Structure formats: C-alpha cells, structure tokens
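Quick note: the coordinates plus some simple rules give every number you see, no bench work behind them. Keep in mind the model is a prediction, meaning the values are calculated, not measured. All Cβ positions, glycine included, derive from the backbone under ideal geometry; neighbour counts span all protein chains shown.
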Amino acid sequence: MDRIDRAVNDLREMDELASGDSPVHHFSALAKLTVTVVYILTAVSFSPYDASGLLMMVFYPLMIFQITGIPFRTYLYKMRFVLPLVLFVGLFNPLFDRRVMLVLGGLKITGGMISMFTLMIKGMFCLSASFLLAATVRIDDLCAALRKIHMPDMIVTLLLLTYRYVSVLLDEASIMNEAYHLRAPGQKGIHVSAWGSFFGQLLLRSFDRAQELYESMRLRGYRGEFPYARAEKEKGRDFLYAAGWILFFVLCRYVNIPVLLGRLFVR
Amino acid sequence: MHMADALLSPGVAAGMYAASAVAAGHSIRVLKNKDDENKLPVMAVSAALVFAGQMINYTIPGTGSSGHLCGGMMLSALLGPEAGFLSMIAVLTIQCLFFADGGLMALGANIWNMAFYGCFVGYYLIWRPIMRQEKLDLRLRIVLASILGCVITLQLGALSVCIETTLSGITELPFGTFAGLMLPIHLAIGLVEGLITSAVLLFVYSARPELLSGINEEEKKEGRMSVKGVVAVLAVLTVLVGGGLSLKASANPDGLEWALFGNAEEGYAENMGLDEENFGNSSSVSDAAQAVQDTTSFLPDYSFAGSDSELGTTVSGIVGSGIVALAAVGICLAGGFFRKKKTV
C-alpha cells in the first residue's frame, strides 16, 4: 500500500478507536491526559539499571488494552518507525558499558545490557501510553482538555483545524499520486521534472481553498476565537481514575514490588 | 529525526518544552500584533498540506531512493516564520499523537529541533538575507535559500538531538561519535529536501509570486534560468560536495569535537561556552541530573557483581520479575490480548 493511503487508513483507524464505547472511553479527556503524562514521566525517571522495578509499569498499558479491546497489533504496527531510533541509541550501551553487574549461571550480564533493555522497554511503554491516549480520546475532547489547562486558544484551534484538513488533503494527494502513477507505471516516485509542479499544484489549490474557507468563516462571524460547543465537566469518577493510576505509578516508582514478591519465595 | 520519550530525561524534556513554549508565545504575540491571528484557516490548511506533502515520495535521479519535502522552510517561506512555527507545532503534535512519530514528553524537544530551526533560523538567518541579495537572480536566490536553509536547519536539529540525548545521560555513545553518525546522514537528507523544496517554491513563484514571503514586489520579474537547469546543476554540485563532506565526516567522526573544542586559541570554545572536560556525560548539568536521579532511584537496593551481601536482593529481583511477567502474560491470555482486528 502507498504511504499516503497508509496514513489515511491510520487516521481513520485512530478515529474509529477513539469513538469506541469502553469504560475507559467514558472517563474525561483531562483525566486521561493527566494519567498519560504522569505515566510517561514516571517510566522515564526509572534508573537505567532498574529493569525489574520498571517492569511493573507494564500493567497500565496492559489493563487499558484489555479493557478497551484496542488491538495490540495496531500499536505494534505504529511502532515500526520510532523503535529503530531507540534501538540504534541503545545498541551502543553494551559496547561502552562493560561493567559486569550480575552473573547468571555462567552468563555475565553487563551494565550496558541492562541499560539497553530498560531503554527499549521505556521506549515501548511511553509510546504505548501516547498511543492509548490518542486511541481513547477524540480530538475535540482532547482540544477542550487542552483549553482547560490554559493552552493558548490559537494553538488549540490550529491543531483542531489542521487535524480536520489533514484527511482532506491526504485524500487529494492520494488521488493525484494514483493518477500520476497510472500514467507512469513502474516509476517509484515523482520524477525530477515534476518535482515542483506536482506538489505546487496541490499547494496553489489548497491556498485558494483556505482563503475561501477563511472568508466563509468570517461571514459566519468568526473573529479569531473558536467556540467549543460542549465543555465536558470532570466528575468524581474521573478524579478517582486519575488518582488511582497516579498512586499506582508512585508506588511502582518507590517500591520495588518484583523484589518484594521474589523475597516471598527466595531467602 | 523525531525523538522518542525514552531518549530524554524529564529535566531535559521540561527544558525543551519551556524553550519551545517561549518561541510559541512570541509567535502568538507577533501574530496578534500584526492582526494575523484570524488567518488560522490558512495556517491550518498549510500545515495539513505540508503533512500530506511529506508523504509524497520524490525519486532521486540515479539512486533508486526517494526524498521528501522540508516542512519548516516551506511553511516559513509561505506564511512567515511565526505562523510557520505554529503550523509546524500542529503538524508535529498530530504526528506524535496519531502516527507515533516522536513521544509526547519529547514533543517540546521535537518542536525545537524541527520547527524552531526550520522556521526562525531558516527564515531570519537564511531565507530573508538571501532574498535581500538583489544582485542575484530571484530564482537562484530561492534555490540557494531553500537548499542552504534545509541543510543548515537540519544539521542544527541533528546536533540538538545529540546534545539533548547526551545531556539526558541516556546513551553510553560518546557525543562525538553520535554526532559523527547523525550529522552526515542529515547532511544528505538536507540536500535532497532542499532540492525538492526549492523546486516546489520555484513553481509557486512562477505561478503565484505573491504567496512567497520576504520577496519585494518590484523584483517579481521573469528569471532567465530554467527551473530544470538550476535543479540539475545544483543537484550535481550538492551530490559532489555533500558526498565528499559526508565521507570525510564519516571517516573522521571526531571532526565535530574538533570543531567545538579544538579552536580554543581562537576563542571559539569560550564564545560557545563549551568546555571539553565537562561536556557530555560528565557535564555539570548531567552530574546534577544524575545526583537527583541517584537520590530518587531504587538503584542502591540493587546488587552488583562482587557484592555478595546483596545477592539475595538480585535473586529476589529476578524471581519477582518472573512472577510479574507471568502475571502480565496471564492478563494477556485472560482477555484475548492478541485478538485479531475486528472487521466491521
């Protein structure tokens, strides 16, 4: 499938996931945004050698995946571009940090191996938290939550409008791309002779469209402020949801539960 | 160049959020003063356009690979730096949330690395000064500004990625080696992105010159050089120069270190506030960050080789981790975690 079509599908898929009906979907966007930010901060703050402590953080994404029924495969597919950079940076750790930290059987585990493992795990956890936020909150609700935390109106409105236009322009670019490749079968991308005109045409048409859109918005009373129709109010259960998860994260951060569990079996 | 959350420490991420927030605040203030804030729909469509444009593959002649547009330079040339910067924030946020390109915590750093350099540095230090060189043909100026803008801003972005990762103390990779790997790759990417961006901007100039920012009205006359000719000549030149530079940079990965620290007698190191002894992993900032991390981390309870007294903790940790992993697998199996995607 072409890159543009994949992007269109990705966006639609996220839209469908975000309009789901699981219990997690019904919590307020602000609560989920707070939980996500605290989760990422907590996960990242673990020491590079605290692999067992970090492992407990797996329960947040696991539980959300389970409760919402969001397919794990979709998340794995989305990780394909980001994980290589994390791996690239982490792969050098075993080469530079050769201090032997523990010996398992005859196998010497170095500090670099442990820090590479935690770096990869952190990467996966943080990405899963952002993905689950986008998959359980609709863009309108997310923008309303951003307004509540006093994010400037200009940025929030720009984000909302851009999101709306991304799918329109992706569709248009996809049609142009398909038409071009039907006329140039076997060609991998856009030929150098059409580098300027191919995207330039789309650019000119889009600018005209944006101008018309702006004028029609002005005629309907738009003066730079974007009114939000419904303002979702946080309820008690939203506070409970956020507080519950944050407590769990803090507990995982300061108490090494796997070690405590292990002590039940090992003296 | 999108950074993941795991590559940054919370302190560095917060610092980059603050820096990007200042740039965003400045942009909003400038747009409000210019009364340009009502142009949001145009900014939104331009941002969406760049997003879509970056998905189009452009064949690089003779290589079999493909390149993409440079978003920051394109937007600042069309909308001006402030509106371009805000539009890039929208693009990067959507990429982060819906396409998993870069992390939520690293968004501040990504905005700085890609939008700030592309829009502010690219416009004020490259695009606008070159556009003021009236002796040169305007088309040549557009091509030069696009290529130089893309190359320089991408190099700055790649260098920032290295500095931010090193300051975070995440990688054991020495700063010089990391930069020696990152910069040549982004030099090549910048050249290709610059060529594609210049081709698109030249097309816009020939069709609708009023859309380009920073060009004087009286200078909008027909140029003599053909678009294809300029692109072809510059492509050959840049491949030769870029290829040579990349090879040199790859063969001598410490060249960047020399550039930063080796010119002390000329005052460069002092001017840039850099000190080789304290740079990177052993800088005072990273030491302070490490001290904070040491006090808050659970690491002291961990046992290391040669420390028999804490062997029990290590074994407990391994056994406990096994139990946690089993519990996690149990949850997965209980709810059909690896379920297939539902078809509607």
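Could you line up B:Val143, A:Val250, A:Val38, B:Val42 from fewest to most neighbouring Cβ atoms inside 10 Å? Each step should come with its number before you reach the end.
Working: B:Val143 26, A:Val250 12, A:Val38 17, B:Val42 22.
Ranking B:Val143, A:Val250, A:Val38, B:Val42 by Cβ neighbours within 10 Å, fewest first, gives A:Val250, A:Val38, B:Val42, B:Val143.
Among A:Ile114, B:Ile130, B:Ile323, a tally of other beta-carbon atoms within 10 Å of each Cβ gives an order, fewest to most, of B:Ile323, B:Ile130, A:Ile114.
Inverting the mean 1/r over all pairs of different Cα atoms, compute the Kirkwood radius of segment A:164-267 and quote it in Å.
Details: mean 1/r = 0.0489 Å⁻¹.
One decimal place: 20.4 Å for the Kirkwood radius.
Please report, to one decimal in angstroms, the Kirkwood hydrodynamic radius of segment A:58-190 built from all distinct Cα-Cα pairs.
Kirkwood radius, segment A:58-190: 19.1 Å.
How many partner chain Cβ atoms sit within 10 Å of a residue's Cβ in peptide B:323-331, on average, as a whole number? Before the final figure, lay out each step's value.
Values: counts 6, 9, 4, 0, 5, 5, 1, 0, 6.
Mean inter-chain Cβ contacts per residue within 10 Å come to 4.
Neighbours of A:Ala18 by Cβ distance under 13 Å: Lys/Arg scored +1, Asp/Glu scored -1, total -4.
Loop-only check: which GluC sites (Glu not before Pro) in segment B:161-208 are DSSP coil with at most 11 other Cβ within 10 angstrom?
none
Let me know the whole percent of all Cα-Cα pairs from segment A:22-88 that are separated by more than 14 Å.
So the portion of pairs separated by more than 14 Å is 71 percent.
Overall shape: oblate for segment B:16-149, with the ratio a/c of the largest to smallest alpha carbon gyration tensor axis at 1.5 or above and b/c at least equal to a/b. Summing Lys and Arg as +1 and Asp and Glu as -1 over all other residues whose Cβ lies under 13 Å from the Cβ of B:Ile126 gives a net charge of +3. The lysine pair tally for chain A, using Cα distances under 30 Å and a gap of 8 or more places or different chains, is 12. Mean projected area of the convex hull spanned by the Cα atoms of segment A:159-222, taken over all viewing directions: 5.2 nm². Other residues with beta-carbon under 11 Å from the beta-carbon of B:Ile56 carry, at +1 per Lys or Arg and -1 per Asp or Glu, a net charge of 0.
With a/c under 1.5 counting as rounded, go ahead and sort chain A into rounded, prolate or oblate using the C-alpha gyration tensor (a ≥ b ≥ c being the square roots of the eigenvalues; past the cut-off, prolate if a/b is larger than b/c, else oblate). Judged from the Cα gyration tensor, chain A comes out oblate (a/c at least 1.5, b/c at or above a/b). Under 5 Å from the amide H of B:Asp101 lie the amide H atoms of B:Cys96, each residue being 5 or more positions distant or on a separate chain, with H modelled from the backbone and absent for Pro and chain starts.
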